[in-house]
1. For region 1-80 and region 160-186, write down the distance between their C-alpha centroids in whole Å.
2. So for the chain, taking the charge dipole from beta-carbon charges (+1 Lys/Arg, -1 Asp/Glu), which of Asn51, Asn226, Gly332 sits furthest toward the positive end?
3. Hey, what do the phi angles of region 106-120 turn into as Karplus ³J(HN,Hα) couplings, whole Hz, using 6.51/-1.76/1.60 and θ = phi - 60°, x for Gly and Pro?
4. Would you pull out the residues with amide H under 5 Å of Gly82's amide H, same chain only if 5 or more places away, H placed 1.01 Å from N?
5. In whole Hz, with x marking every Gly and Pro, tabulate ³J(HN,Hα) for region 334-348 from phi via Karplus 6.51 cos²θ - 1.76 cosθ + 1.60, θ = phi - 60°.
6. Grab the alpha carbons of region 33-143, take their convex hull, and tell me the volume per residue in Å³.
7. What value, in deg cm²/dmol to 500, does the helix sum -39500 (n - 2.57) over DSSP H runs of n ≥ 4 give at 222 nm once divided by the residues of the chain?
8. Karplus couplings for region 136-146 from phi (6.51 cos²θ - 1.76 cosθ + 1.60, θ = phi - 60°), rounded to Hz, Gly and Pro as x?
Amino acid sequence: MILAGGFATRLRPLSCTRPKTLFPIVNKPLLQWIFERLARDGVNEAVLAVNQLTEFYIKQHRIPRSGITVRYSHDPPKRPLGTAGPVKHAERLLGHEPFLVLNGDIFADISYKELMDVHVKTGAWATLSLCEVEDPSRYGVAEITKSGRIKQFTEKPPKGTEPSNLINAGVYVLNPEVLQFIPEGRAVSMEREIFPKLATDRKLYGHIVHGLWMDIGKPEEYLQTNRILLDTISVKRKRKDTSRFESKNPVALDEGVSIGDESIIGPYAVLGKNVTIGKKAQITDSVVFPETRIGDSAWINGAIIGEGAVIGDNVRIGKGCIIADHAKIMKGISLNDGTAVCPAKEVS
């Protein structure tokens, strides 16, 4: 089960027109990365917990599913169910065997098969993937025994009171028996209401994972995830155009990208499908979504540019700026660091 019904408030205004699970990571939607990893570990069916608008966007994107059969479970209109409510709501789709639950906004290189094997071996009712972080106060924190049993689970403890630096990595296995603890018809927090109870009942276990794990919930985290992936994968592009631009690796250029003479792309630039760049432009440490047009001598550093946006000649866009889908930044405009521009807004 993939939880994909959140509203991604910290990624607004980009998330006004797409769910977080469709944000591209090196030009591939996060949900596609998840499907590929699930298929690699032998999963052949997934239930997506969504609101109806999220389902619409997912179907519009036509993401490759890697052979996985996908079914949808809808949250009630205008009634978010939290992190546990959607699992209870999908009970009839989940069968009578242990099942995986994934947060749809986490980029994680986790062996789902290994996690399931540990769960079965320990006889747990729930097994959490755990990873070590420097600041655990933003997450659910677990204190575990040598056998892997979680003695205590605390969601977002005050800084300095964390029982450990092991956090819930947003991937876990549940037995169907856990569903009896989840009330119906209201928002329920898995992290605040269910996991602490299971820990008290000695039914909650943890499995420490060491692969790449990234939360893309904030703009700076989203950019960092793209940077890390650019460092770890080889991205090749067939040069079909004859323009003379400079590419400073690592960069990722999707199909149909056109770049004018004397432009400098990178390092850490991701350009989506059919992006057009004018002459003498400079793009660094930024992600540009598909179908965007960027004018001559534009300068973009540390920003996220939405789909179908138009960036005029001589525009300067600084660190932390978010330009939403189909926005227009007219010629000669400079945007201060941290500026957000709403969908289809024109800045002149």
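Taken together, the values in this text are just the output of simple stated rules run on the coordinates, not laboratory data. Only a predicted model underlies this, so the values are computations on that prediction, with no experimental measurement involved. Positions of Cβ are backbone-derived with ideal geometry, glycine not excepted, and every protein chain shown enters the neighbour counts.
1. One Cα centre to the other: 21 Å.
2. About the Cα centre, the residue reaching furthest to the positive side is Gly332.
3. Each residue's phi maps through the Karplus curve to give 10, 9, 9, 9, 10, 7, 5, 5, 4, 4, 5, 4, 5, 4, 5 Hz.
4. Answer set, sorted by chain and number: Val188.
5. Those phi angles translate into 10, 9, 5, 3, x, 6, 10, 10, 6, x, 6, 6, 10, 10, 9 Hz.
6. Spelled out: Cα convex hull of region 33-143, divided by residues, is 137 Å³.
7. Calculated at 222 nm, the ellipticity per residue is -4500 deg cm²/dmol.
8. x, 5, 7, 10, x, 10, 10, 10, 10, 8, 4
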